[in-house]
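All remarks here apply to the structure that follows.
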Amino acid sequence: MAKKAKFAFFSSSSPKSLPSSPSSFTSFPASPLSQNFTQSSMEEAVERAEAVIRKWDPNTPSFTKIVSLFNHSRKEAKEFIICVRDLRKAMHFLVSQDSQSPKLALAQTLMQIAMTRLEKEFFQILSSNRDKLDPESVSGQSSISSNSEFEDIMQRDDDDEDEIRKAGESITQVEKASAVVMSDLKAIAESMISCGYGKECVKIYKRIRKSIVDEGLSLLGIETYKGSRFHRTDWVTLEHMIKNWIKAAKIGVATLFRGEKLLCDHVFSASNSTRESCFYEIAYEAATNLFKFPEFVAKEKKSHERIFSLMDLQAAISDLWQDVEMIFNFGSVAGVKSQALSSLQKLKVSIHSALIDFESTIQKDSTKALTPGGGVHKLTRSTMGFISSLSKHSRVLSEILADHPLPRNTRLLDSYVRTPVSEDEEHNHALSVHFAWLILVLLCKLDTKAEHYKDVSLSYLFLANNLHFIIETVRSTHLRDLLGDDWLTNHTDKLNAYAANYEIAAWSNVYMSLPEEPTDLSPEEAKTYFRRFHTAFEEAYMKQSSRVVADAKLRDGLKVSIAKKLVPEYREFYRKYLPMLGQERNIEMLVRFKPDNLENYISDLFHGTPILSSSSVSSSSSSSSSWMSLGCVSG
């Protein structure tokens, strides 16, 4: 409650500098306001104030002891504020003219009663109007006038409708009610501070509003964070906490802290130091704790599986940064911005470490199991899935990789990716080069794995399958925008080379089993060529029918290419020499394939299920270490 010794009503808002007894008024020069007072007008002001103030004395047994002045009659509330203002002017006059006047003692008593009443009103308004002062309602008052609604009360005839009209006719009913309550708090605060009772006013405000901020954050799931807790928390739980934090931080900053800043700025607009002090006490501890969470997360064990949650945190803070700068613009709360920046920096370091861990995971993959039929390796699927997911976070990664360029000679990579032609593309260039590098690391690892196949054709088919999967992933995701058409063209050319080499390794014996040049053969020579062709085709088919090409487009392309090289030549040979063997016994054993049958067999290739039944044919053994080189960079 207000203290009886406080009479420094004309002082600044800082209670510490105020005089503490009536005698000290004699040391102050006369206020210019006192020149406008006459003895009679001063007495009238004191008498008028006494009638109004004593009516609302909270220590009297009347109904006014339990009734709120501002709720009971807004007209009387305005009159009360005016009387306090006039009483303060009268006391200025008395201090300068007659410090021993009995009227001064009366005025001092009245001022004490008035401050006690206003202190009670201030507490009641803050306590009973939490719904009208919730952050969302207050945030809607961003354009509310900084002037008190009571400021020009002597110049106009106000009523309740005038008050609501001042709150703004275009806002909602809730916002109007909020504006009225804010205006009441502002009027009381200005009155108490101008009369030297700012300390009591501020103490009440800080206590109530801080509890509301703390409660709001608690309801959002924000707790007091300590580093030791994070060491004991499993990643699944931590991931859930991260998702909750991102949602809570958006509401906490954009609504809770923003609304609190607006309310504080409005209520204490008459004193910069008071509103800064209030906002510091209410928000600093809670906001600093809020932004400690990402830093604690960033300090945990680095792993590439966690990079997406880290990037989500990074993006969330970046999105909130403009609001953070605007809300925490006082010097006393600059530590909140420092904590947010510290969390951003720690997250950047952690995200970059996760990228390094991802690259290392590709390089260190030591799985020996070969993919059946030369299909797409699980490393290819997982790596490309991860990289395509990374590409969705290009904004965050571009900022990080711009500060951490690849410490390698990247001229080869630069030739693969699009040359930047705009500022945005220049910003993403480091990211494009890094993705090109990660894919090259994968291709080099696939090269190594291809060497483990004993059949050269199977090695080429494995490389073709995996490179095709990589190309299609790039083509169908945001990676295409980052790597560009040149990258796709270069790697499509490599894919075509792999497919061509596969055909040569797998089907060349079949191609060469027929005569190279058109010539006339004897029946015996024709039989020899038929036998040679059938043996070569059966052997090749038995091997290749067990091969796998999962992608329909690539599979059909290979079939068409093989058929174009094989079927027309065999058809011509069949047409020309079969009649010559018409008298041969067991002709069906000699000529086992008709041209149409040949096309059918080829059409059934690459599904992983052989159709012909025959004894197993041993796989040819050949080293594949030299012809599959991609020009990989070691490391």
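Residue 477 passes every criterion in (1) outside any loop (DSSP other than H, G, I, E, B); (2) out of contact with any Phe, Trp or Tyr (no Cβ under 7 Å at 6 or more places or on another chain) apart from (1). Within the range 301-315, residues that are more than 20 Å from residue 232 (Cα to Cα) and of a type in the set (Asp, Glu) reach partners that are in a helix (DSSP H, G or I) and open to solvent by less than 10 Å² (accessible area, probe 1.4 Å) with beta carbons closer than 8 Å, at six or more positions or on different chains, in the pairs 312/242. Against the list (1) in contact (Cβ under 8 Å) with a residue 12 or more places away in the chain; (2) within 21 Å of residue 265 (Cβ to Cβ); (3) of a type outside the set (Asp, Glu), the condition residue 250 fails is (2).
Taking the range 91-115 as the range and being closer than 22 Å to residue 199 by Cα and in contact with an Asp or Glu (Cβ under 8 Å, 6 or more places away or on another chain) as the test, the residues that pass are 110, 113, 115. Six or more apart or on different chains, Cβ under 6 Å: which pairs go from a residue in the range 462-477 that's closer than 11 Å to residue 446 by Cα to one that's open to solvent by 10 Å² or more (accessible area, probe 1.4 Å) and of a type in the set (Phe, Trp, Tyr)? Could you list them? Hits for this filter: 463/498; 464/498.
Taking helices (runs of 4 or more DSSP H) as the structural unit, those lying wholly within the range 148-265 and holding at least 2 residues that are modelled with pLDDT of 90 or more, within 24 Å of residue 320 (Cβ to Cβ) and open to solvent by less than 60 Å² (accessible area, probe 1.4 Å) correspond to 198-219, 235-251. The requirement of being surrounded by 22 or more Cβ atoms within 10 Å (Cβ to Cβ), in a helix (DSSP H, G or I), within 33 Å of the chain's Cα centre (by Cα) and not hydroxyl-bearing (Ser, Thr, Tyr) is fulfilled somewhere in the range 486-496, by at least one residue.
Residue by residue through the range 428-486, note down the ones that are of a type in the set (S, T, N, Q) and farther than 22 Å from residue 543 by Cβ. 428, 432, 448, 473, 476, 477 - these are the residues of the range 428-486 that are of a type in the set (S, T, N, Q) and farther than 22 Å from residue 543 by Cβ. In the condition set (1) loosely packed, with under 14 Cβ neighbours inside 10 Å; (2) more than 30 Å from residue 259 (Cα to Cα); (3) at pLDDT 85 or above; (4) not acidic (Asp, Glu), residue 106 is compliant with all but (1).
Residues in the range 284-307 that are within 18 Å of residue 334 (Cα to Cα) and polar (S, T, N, Q): 288, 289. Quick check: anything in the range 272-288 surrounded by fewer than 17 Cβ atoms within 10 Å (Cβ to Cβ), over 14 Å from the mean Cα position of the chain (by Cα) and more than 24 Å from residue 215 (Cα to Cα)? Checked the range 272-288: at least one residue is surrounded by fewer than 17 Cβ atoms within 10 Å (Cβ to Cβ), over 14 Å from the mean Cα position of the chain (by Cα) and more than 24 Å from residue 215 (Cα to Cα).
Check whether at least one residue in the range 90-108 is closer than 17 Å to residue 183 by Cβ and basic (Lys, Arg), and report yes or no. Scanning the range 90-108, I find no residue that is closer than 17 Å to residue 183 by Cβ and basic (Lys, Arg), so the answer is no.
Results for (1) surrounded by fewer than 18 Cβ atoms within 10 Å (Cβ to Cβ); (2) assigned to a helix (DSSP H, G or I), shown as yes or no for each residue.
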| position | (1), (2) |
| --- | --- |
| 311 | no, yes |
| 315 | yes, yes |
| 321 | yes, yes |
| 332 | yes, yes |
| 341 | yes, yes |
| 344 | no, yes |
| 349 | yes, yes |
| 366 | yes, no |
| 370 | yes, no |
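Here's the yes/no breakdown for (1) more than 60 Å from the chain's Cα centre (by Cα); (2) farther than 21 Å from residue 371 by Cβ:
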position	(1), (2)
536	yes, yes
540	no, no
547	no, no
553	no, no
557	no, no
560	no, yes
564	no, yes
571	yes, yes
574	yes, yes
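Taking the conditions (1) part of a helix (DSSP H, G or I); (2) out of contact with any Lys or Arg (no Cβ under 9 Å at 6 or more places or on another chain); (3) modelled with pLDDT under 90; (4) open to solvent by 20 Å² or more (accessible area, probe 1.4 Å) in turn, residue 413 satisfies each one other than (4). Residues in the range 464-485 that are of a type in the set (Asp, Glu) and closer than 22 Å to residue 397 by Cα were compared, and the one that is least open to solvent (accessible area, probe 1.4 Å) is 485.
Taken together, the criteria exclude residue 16 from residues that are outside any loop (DSSP other than H, G, I, E, B), under 53 Å from the mean Cα position of the chain (by Cα), at pLDDT 85 or above and exposed (fewer than 14 other Cβ atoms within 10 Å of the Cβ). The one condition from (1) assigned to a loop (DSSP other than H, G, I, E, B); (2) open to solvent by 60 Å² or more (accessible area, probe 1.4 Å); (3) in contact (Cβ under 8 Å) with a residue 40 or more places away in the chain that residue 531 does not meet is (1). Exactly one residue out of 33, 87 is modelled with pLDDT of 85 or more, surrounded by 14 or more Cβ atoms within 10 Å (Cβ to Cβ), more than 22 Å from residue 128 (Cβ to Cβ) and of a type outside the set (Asp, Glu): that is 87. Scanning the range 275-300 for residues that are free of Cβ contacts under 8 Å to residues at least 12 places away in the same chain and in contact with a Phe, Trp or Tyr (Cβ under 9 Å, 6 or more places away or on another chain) yields a count of 1. Within the range 35-61, residues that are within 15 Å of residue 97 (Cβ to Cβ) have Cβ atoms under 8 Å from residues that are at pLDDT 75 or above and small (Gly, Ala, Ser) in these pairs: 37/45; 37/90; 42/90; 45/90; 46/90; 46/107, counting only partners at least 6 apart in sequence or on another chain. The lone criterion from (1) open to solvent by 30 Å² or more (accessible area, probe 1.4 Å); (2) in contact with a strand residue (DSSP E or B) (Cβ under 9 Å, 6 or more places away or on another chain) left unmet by residue 556 is number (2). The lone criterion from (1) surrounded by 18 or more Cβ atoms within 10 Å (Cβ to Cβ); (2) in contact with a helix residue (DSSP H, G or I) (Cβ under 6 Å, 6 or more places away or on another chain) left unmet by residue 306 is number (2). Please specify each residue of the range 40-61 satisfying the condition of being of a type in the set (Ser, Thr, Tyr) and over 23 Å from residue 121 (Cα atoms). The answer is 40, 41.
The values are calculated or read from the model by the stated rules, or taken from the named source; none is laboratory data. Computed from a predicted structure; not experimentally measured. Glycine also receives a Cβ, built like all others from the backbone with ideal geometry; neighbour counts cover every protein chain displayed. Just the protein is used for accessible areas: all its heavy atoms, side chains included, with ligands, DNA and RNA removed. Shrake-Rupley method; radii C 1.70, N 1.55, O 1.52, S 1.80 Å.
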